[in-house]
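Right, one structure below, let's go through it.
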Amino acid sequence: MRFFKIHNLFRIICCICVAAFFMGSLSSCFTGIESTKKINLSREERRMSNPTPEEKFMDQVSAYPLKEWETGKRFIASDDKALLVIVPQAGLFPVGPDSIKGKILEFIGVESKINAAGNLNVGLLFSDGLFVYSYDTGKEFDYAMENFKSNQIPMLIDEDMVAQAKALLMGKKFWSRSPLWYDAEGNRIDGRKFVEVTIEDVVPGNMIFPLKLKILSDKNETAYMFMNFGSADNESRAFHNLFSLSDIRKHYPSIDDETWEYISAEKVKAGMTKEEVKLALGNPSDTNSGHDYSQTLDIWSYENGRVLWFEDGRLVKIRQ
């Protein structure tokens, strides 16, 4: 009998413990503190929730949906490879053009194209004054009219968008974030970052980057930079990856002029701090740390094969 009383008492205690556990769990759910998981936004979500002024700067430049195109709307063919998708139609000339790069193509209308499913796609028709060209959007009529944009045709650059960008950028001063500078022929030259530049002109670019910007640096150097229209993080040549609206150096008042020249040219020298090296070269692809009896040792490796040695936070050795 005594056994059963003890047994029942044990069961009661267990029930009280279980109930207390669940009540505690419910309580924590309602407080919103103890059991609420921390929400970590992705880089893209953070950017969209709080875009920087640089990320918003090019919002004024927009592509036009097909329903807004007027006859005569002009596009620039950026490369001869456009002939692989902008197909000359049979007409007065038995053979199509050998070259299309640099030509102005005017929009002259649409046509119907039957797709593999038997539905009608929208084809776009263009003319260069001699030949008529056709481009299959791959989209059905209603969808294409609302959603197909003037920046979606491979290797054709919307002249109106170039004009918008030119009106927005020309004559303005910015600070370069990129040393990817070119000469007038498109050859790489030694560029500098974190320096003041003035946009002197904006013209059509190439098949990859539709805008070509002529810049004048703080040292009266003339160069060119290539840029995309958009502002997405995956576009390496978006405006916010190429330019700052303010002087970046003001955030680093302790860096002397000589060191800043190295940073601007993406170069490093002995004695630079880790922060200065990161400004010059970016983050390393791999790091190793250790110490001996008197100092901390760090080794930074970069994907191009460059290896840097630091002692107590200062650069002491460079291997290219």
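What part of the accessible area of the range 229-289, given as a whole %, is carbon or sulfur when the probe is 1.4 angstrom?
42
At 1.4 Å probe size, with the rest of the protein present, what percent of the exposed accessible area of the range 78-178 is carbon and sulfur atoms?
Values: 2960 of 5410 Å².
So the carbon and sulfur contribution to the accessible surface is 55 percent.
Compute the accessible area per residue over the range 127-234, keeping the other protein chains in place, probe 1.4 Å, unit Å². Mind dumping the intermediate values first?
Numbers: 5010 Å² over 108 residues.
On a per-residue basis, 46 Å².
Long-range amide H contacts for VAL132: which residues qualify at under 5 Å (H placed 1.01 Å from N, peptide plane, sequence gap of 5 or more or a different chain)?
The list, which skips near neighbours in sequence, is GLN89.
Going by average Cβ density within 10 Å per residue, which order do the peptides 270-278, 209-217 take, highest to lowest? Don't skip to the end; give the middle numbers.
On the way: 270-278: 16.4, 209-217: 20.3.
Those peptides, ordered most packed to least, come out 209-217, 270-278.
Order the peptides 310-318, 160-168, 185-193 from the highest to the lowest mean number of other Cβ atoms within 10 Å of their residues. Show your work: numbers first, answer last.
On the way: 310-318: 15.1, 160-168: 17.4, 185-193: 13.2.
My ranking of the peptides, most packed first, is 160-168, 310-318, 185-193.
The values are calculated or read from the model by the stated rules, or taken from the named source; none is laboratory data. Values in this document were obtained by computation on a predicted structure and should not be read as measured data. Ideal geometry is used to build each Cβ from the backbone, glycine not excepted, and the neighbour counts take in all protein chains shown. When the accessible area is computed, the model is the full protein with side chains, heavy atoms only, and any ligands, DNA or RNA have been set aside. Shrake-Rupley method; radii C 1.70, N 1.55, O 1.52, S 1.80 Å.
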